[in-house]
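The next block holds one structure in the form of structure tokens; read it before the comments.
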Amino acid sequence: MRAVLDTARQRVSAYGCFANVHMAVEAAQDPQFAQAVNRATWVSADGVPLAWALRLLYGIRQDRITGLDVLPELLTEAANEQISVYFYGSTPDLLAQCAAFCAKHHPTLRIAGMHAPPFRPLTAAEEQADIDRIRESGAGIVFVSLGCPKQEKWMARVSSRIPAVLLGIGGALPVTIGDVARAPRWMQKAGLEWLFRLVQEPRRLFKRYVYTNTLFVGYLLRQRLMGNLQP
């Protein structure tokens, strides 16, 4: 948290990823995406399964650091330290709700700008226009809500051209502003937050969760076995 705020204040180019099972599987299947994550300034274990995997494979006791927890804390600290923020991604309606939420709960927060790009791929000219808009806003922190893997690839591609901290917060924004409920604490600790989200949005998430969770378990078991077989 402190490193993000200090980097944002200095207007240094940097970006951070909150890794979960979906991202781990995407990285295993897409070398370009894996490179985007590996090049990040910060990568945290957003999902409990990843924290468990680090302990199982490498004996590393990694705390879970989620975008859902970091976003509200950063809004508070950015307001306290007068670091301006920019919201990039999501939808115009959700950004309007975000503006109202910040005005109510973080009245001193300096919002440098908000922009929801179209869901289709941007042209080079459109992407450069977005970069210029963010640069000219003077934002120290840019919250990127484009979804995985799009947001990580976008941050890796444009970070060097934006003197700010870019954070890929995924679906944390609608939860933070109260548009979507978050799982109870016991489900978070048990690694079942994905199940809570699945119940909320079964049609959209069923295929993704069943597919990615199954692959993740397979990759984890294979990595564990390969480690045991090494001399």
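Hey, can you tell me all the residues within the range 5-28 that are assigned to a helix (DSSP H, G or I), of a type outside the set (D, E) and closer than 19 Å to L146 by Cβ? Write out each step before concluding.
Filtering the range 5-28 for residues assigned to a helix (DSSP H, G or I) gives 5-9, 21-28.
Okay, now just the ones that are also of a type outside the set (D, E), so 5, 7-9, 21-25, 27-28.
If the condition is that a residue be assigned to a helix (DSSP H, G or I), of a type outside the set (D, E) and closer than 19 Å to L146 by Cβ, then V21, H22, M23, A24, V25, A27 are the ones that fit.
Considering only the range 82-103, I want to know if a residue exists there that is surrounded by fewer than 17 Cβ atoms within 10 Å (Cβ to Cβ), of a type in the set (V, I, T), under 14 Å from V4 (Cα atoms) and under 19 Å from the mean Cα position of the chain (by Cα).
No, the range 82-103 has no match at all.
Filter the range 60-105 down to the residues that are among the hydroxyl-bearing types (S, T, Y) and modelled with pLDDT of 95 or more, then identify the one that is farthest from V21 (Cα to Cα). Full working, then the answer.
Step one: filter the range 60-105 for residues among the hydroxyl-bearing types (S, T, Y), giving 66, 76, 84, 86, 88, 90-91.
With modelled with pLDDT of 95 or more added as a condition, the list becomes 76, 84, 86, 88, 90-91.
Numbers: T76: 28, S84: 31, Y86: 27, Y88: 23, S90: 21, T91: 25 Å.
Ranking the qualifying residues of the range 60-105, first place goes to S84.
Within the range 43-68, which residues are outside any loop (DSSP other than H, G, I, E, B) and within 11 Å of the chain's Cα centre (by Cα)? Let's see the steps before the verdict.
We begin by selecting, within the range 43-68, every residue outside any loop (DSSP other than H, G, I, E, B); these are 43-45, 48-58, 67-68.
Once the filter is applied, which keeps residues that are outside any loop (DSSP other than H, G, I, E, B) and within 11 Å of the chain's Cα centre (by Cα), the range 43-68 yields V43, S44, A45, G67, L68.
What is the residue count in the range 145-183 for residues that are touching an Asp or Glu at 6+ places or on another chain (Cβ under 9 Å) and of a type outside the set (D, E, K, R)?
Selection size over the range 145-183: 11.
Can you tell me which residues in the range 96-107 are of a type outside the set (F, W, Y) and in contact with a Ser or Thr (Cβ under 9 Å, 6 or more places away or on another chain)?
Step one: filter the range 96-107 for residues of a type outside the set (F, W, Y), giving 96-100, 102-107.
Listed by number, the residues that qualify are C98, H105, H106.
Kindly indicate whether A78 is assigned to a strand (DSSP E or B) and in contact (Cβ under 8 Å) with a residue 24 or more places away in the chain.
Numbers: assigned to a strand (DSSP E or B): no; in contact (Cβ under 8 Å) with a residue 24 or more places away in the chain: yes.
Considered against the rule, which asks whether it is assigned to a strand (DSSP E or B) and in contact (Cβ under 8 Å) with a residue 24 or more places away in the chain, A78 comes out as no.
Might you check whether a residue that is surrounded by 14 or more Cβ atoms within 10 Å (Cβ to Cβ) and farther than 21 Å from L71 by Cα occurs anywhere in the range 184-202?
Here is the first cut: in the range 184-202, the residues surrounded by 14 or more Cβ atoms within 10 Å (Cβ to Cβ) are 187-188, 191-198.
Subset that is farther than 21 Å from L71 by Cα: 195, 198.
Yes, the range 184-202 contains a residue that is surrounded by 14 or more Cβ atoms within 10 Å (Cβ to Cβ) and farther than 21 Å from L71 by Cα.
Look through A79, A28, A53 and report the one residue that is surrounded by fewer than 20 Cβ atoms within 10 Å (Cβ to Cβ), under 21 Å from V210 (Cα atoms) and touching a helix residue (DSSP H, G or I) at 6+ places or on another chain (Cβ under 9 Å). Spell out the reasoning first.
Details: A79 fails: under 21 Å from V210 (Cα atoms); A53 fails: surrounded by fewer than 20 Cβ atoms within 10 Å (Cβ to Cβ).
None of the others qualify; the one that does is A28.
Which count do you get for residues in the range 179-231 that are outside any helix (DSSP H, G or I) and touching a helix residue (DSSP H, G or I) at 6+ places or on another chain (Cβ under 9 Å)? Before you say what the answer is, go through the steps one by one.
Taking the range 179-231 and keeping what is outside any helix (DSSP H, G or I), we get 179-184, 190-192, 201, 230-231.
Those left that are additionally touching a helix residue (DSSP H, G or I) at 6+ places or on another chain (Cβ under 9 Å): 179-184, 190-192.
The number of residues fulfilling the criteria is 9.
Take the residues in the range 1-22 that are within 18 Å of Q188 (Cα to Cα) and of a type in the set (A, V, I, L, M, F, W, C), then tell me which one is surrounded by the most Cβ atoms within 10 Å (Cβ to Cβ).
Kept after step one, since they are within 18 Å of Q188 (Cα to Cα), are these residues of the range 1-22: 18-22.
Remaining after also requiring of a type in the set (A, V, I, L, M, F, W, C): 18-19, 21.
Numbers: F18: 27, A19: 21, V21: 24.
Among those residues, the one meeting the criterion is F18.
Examine the range 155-169 for a residue that is under 25 Å from W42 (Cβ atoms), modelled with pLDDT under 95 and not in a loop (DSSP other than H, G, I, E, B), and state whether such a residue exists. So that I can check it myself, show each step before the final result.
Going residue by residue through the range 155-169, those that are under 25 Å from W42 (Cβ atoms) are 155-169.
Those left that are additionally modelled with pLDDT under 95: none.
Checked against the condition, which is being under 25 Å from W42 (Cβ atoms), modelled with pLDDT under 95 and not in a loop (DSSP other than H, G, I, E, B), the range 155-169 yields no hits at all.
For the range 160-189, what are the residues that are touching a strand residue (DSSP E or B) at 6+ places or on another chain (Cβ under 9 Å) and farther than 16 Å from F18 by Cβ?
Narrowing the range 160-189 to residues touching a strand residue (DSSP E or B) at 6+ places or on another chain (Cβ under 9 Å): 162, 164-174.
Result: I162, A164.
The values are calculated or read from the model by the stated rules, or taken from the named source; none is laboratory data. Keep in mind the model is a prediction, meaning the values are calculated, not measured. Cβ atoms come from the backbone with ideal geometry, glycine included; neighbour counts cover every protein chain shown.
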